[in-house]
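Take a look at the structure below.
The values are calculated or read from the model by the stated rules, or taken from the named source; none is laboratory data. Note that the coordinates shown come from a computational prediction; the quantities given were computed from them, not determined experimentally. Note that each Cβ is placed from the backbone with ideal geometry, even for glycine, and that neighbours are counted across all protein chains shown. We work out accessible area using only protein heavy atoms, side chains counted, and drop any ligands, DNA or RNA first. Shrake-Rupley method; radii C 1.70, N 1.55, O 1.52, S 1.80 Å.
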Amino acid sequence: MTRIIVVTSGKGGVGKTTSSAAIATGLAKKGKKTIVIDFDIGLRNLDLVMGCERRVVYDFINVIQGDATLNQSLIKDKKTSNLFILPASQTRDKDALTCSGVEKVLSELVKMEFDFIICDSPAGIETGAILAIYFADEAIITTNPEVSSVRDSDRILGIIASKSKRAKQNTTPIKEYLLLTRYNPTRVKKGEMLSMTDVVEILQIPVIGIIPEDPSVLRASNQGESIILDVNSNAGHAYLDTVNRLLGEKHPFRFVEEKKSFLQRLFGR
């Protein structure tokens, strides 16, 4: 059965597109037929992060408006089998994204027997974000450990609870997970960041992943390669743990404690 998962947040710049690409890539590496859809009409960053921007001919809006078929618009990832990308339009207005159009595309993808449909939502509560959430079965709320980001994520939880299709039809609610990005335990200890416990107390949803602050993320993004493919990066390992948890496996959270130096370990500090 196809699982439709939206990766969303209230605030921009928290790592949604990086997370969408990493999670989709990780699921495909696990043998799951996966597609990741860019809902950020007018900006279009997902294809850049995944290194396929030169291969975009048709996009999400072309399919919705009948200018191209879904097969014409899907981009098959070169590095990972089972992984497909549906890019956003960079030239159309956000109003080109319609509820009926999104429903039609998602229905076609379900018929194509995708195991996972990952919806990369724009930030905030505009049309693209609402439609990315509307048909979801599960939502990954992406936030940084700072007050403004967490507050905006709380706002998104309110939108999910009131404006999703499941909410309107009074059926089983969307499953909500917390993905905490750019986490730095040293800064948490200094009081410069909220702790994981602080964020969970505010949002009251289960944690699916803790992604550490890692310069490898920006490097991978600039190279058009998903960070989860970097086996030497802490962030890559953390995203792999996240994917495994989505698949029902139990894994301890790494990178949440400050790493002690040799001298600190030697003297028991």
(request) Taking Asn45 as meeting all but one of (1) in contact (Cβ under 8 Å) with a residue 40 or more places away in the chain; (2) under 25 Å from Asn144 (Cβ atoms), write down the number of the exception. (result) (1)
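Do the conditions hold for Leu48, that is, is it among the hydrophobic types (A, V, I, L, M, F, W, C), open to solvent by 30 Å² or more (accessible area, probe 1.4 Å) and more than 30 Å from Glu249 (Cα to Cα)? Step through it out loud before you land on a result.
Working: among the hydrophobic types (A, V, I, L, M, F, W, C): yes; open to solvent by 30 Å² or more (accessible area, probe 1.4 Å): yes; more than 30 Å from Glu249 (Cα to Cα): yes.
Yes.
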(request) Considering (1) over 18 Å from Thr17 (Cα atoms); (2) modelled with pLDDT under 95; (3) of a type in the set (Lys, Arg); (4) surrounded by 11 or more Cβ atoms within 10 Å (Cβ to Cβ), say which one Arg245 fails and leave the rest. (result) (2)
(request) Return only the number of the condition from (1) under 19 Å from Asn184 (Cβ atoms); (2) modelled with pLDDT under 95; (3) surrounded by fewer than 21 Cβ atoms within 10 Å (Cβ to Cβ) that Glu225 does not satisfy. (result) (1)
(request) Working carefully through the options Val110, Val57, find the one that is open to solvent by 10 Å² or more (accessible area, probe 1.4 Å) and part of a helix (DSSP H, G or I). (result) Val110
(request) Considering only segment 113-145, state which residues are assigned to a loop (DSSP other than H, G, I, E, B) and either open to solvent by 30 Å² or more (accessible area, probe 1.4 Å) or touching a helix residue (DSSP H, G or I) at 6+ places or on another chain (Cβ under 7 Å) (or both). (result) Glu113, Asp115, Ser121, Pro122, Ala123, Ile125, Glu126, Phe135, Asp137, Pro145
(message) Could you check segment 228-242 and list, in sequence order, the residues that are open to solvent by 40 Å² or more (accessible area, probe 1.4 Å) and within 15 Å of the chain's Cα centre (by Cα)?
(response) Leu240
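Thr172: free of Cβ contacts under 8 Å to residues at least 24 places away in the same chain and surrounded by fewer than 16 Cβ atoms within 10 Å (Cβ to Cβ), yes or no? Even if it seems obvious, please write down each step before you answer.
Details: free of Cβ contacts under 8 Å to residues at least 24 places away in the same chain: yes; surrounded by fewer than 16 Cβ atoms within 10 Å (Cβ to Cβ): yes.
For Thr172, the condition - free of Cβ contacts under 8 Å to residues at least 24 places away in the same chain and surrounded by fewer than 16 Cβ atoms within 10 Å (Cβ to Cβ) - is met.
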